[in-house]
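Worksheet: one structure, shown below.
The values are calculated or read from the model by the stated rules, or taken from the named source; none is laboratory data. Just so we're clear, the structure is a prediction, and the values are computed from it rather than from any experiment. No Cβ is skipped: glycine too gets one built from the backbone with ideal geometry, and neighbour counts run over all protein chains shown.
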Amino acid sequence: MVRPASQGLAMAADYEGHVLAAADYFTTDQQVIVAELPTRGARTVYAAVGDVFAWLCLAGLAVLAGLAVRQRRRAPAPAPTRPTGSEVPPTALSRTGALVDRQG
């Protein structure tokens, strides 16, 4: 990759991102760079397998989401618990709605 710049950092880099040559407009008097750049690229993992990894990740996410939904539907609702004597508030409403003192 060659990045020309009339006011800034001009550079030439290879396919791995290694800077082969650079010239900073603000710090150098000569704004000419010379670099040998490869014209053929290198074989990468992505060129060999493409988007297979991304599709496998998406499929795995779908399977995990399906298992979570299935697990949630299968789990029984917890049984309601009744408060023990120490958990009952000192005053509570009776079934008729009247205020009852439960400390006595």
Q | Hits in region 27-44 (condition: touching a residue at least 12 places away in the same chain (Cβ under 8 Å) and loosely packed, with under 12 Cβ neighbours inside 10 Å) | A | Val34, Glu36, Pro38, Gly41, Ala42
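For every residue, the table says whether it meets (1) under 42 Å from the mean Cα position of the chain (by Cα); (2) modelled with pLDDT under 75; (3) surrounded by 10 or more Cβ atoms within 10 Å (Cβ to Cβ).
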position	(1), (2), (3)
Tyr46	yes, no, yes
Gly60	yes, no, yes
Val88	no, yes, yes
Thr91	no, yes, yes
Leu99	no, yes, no
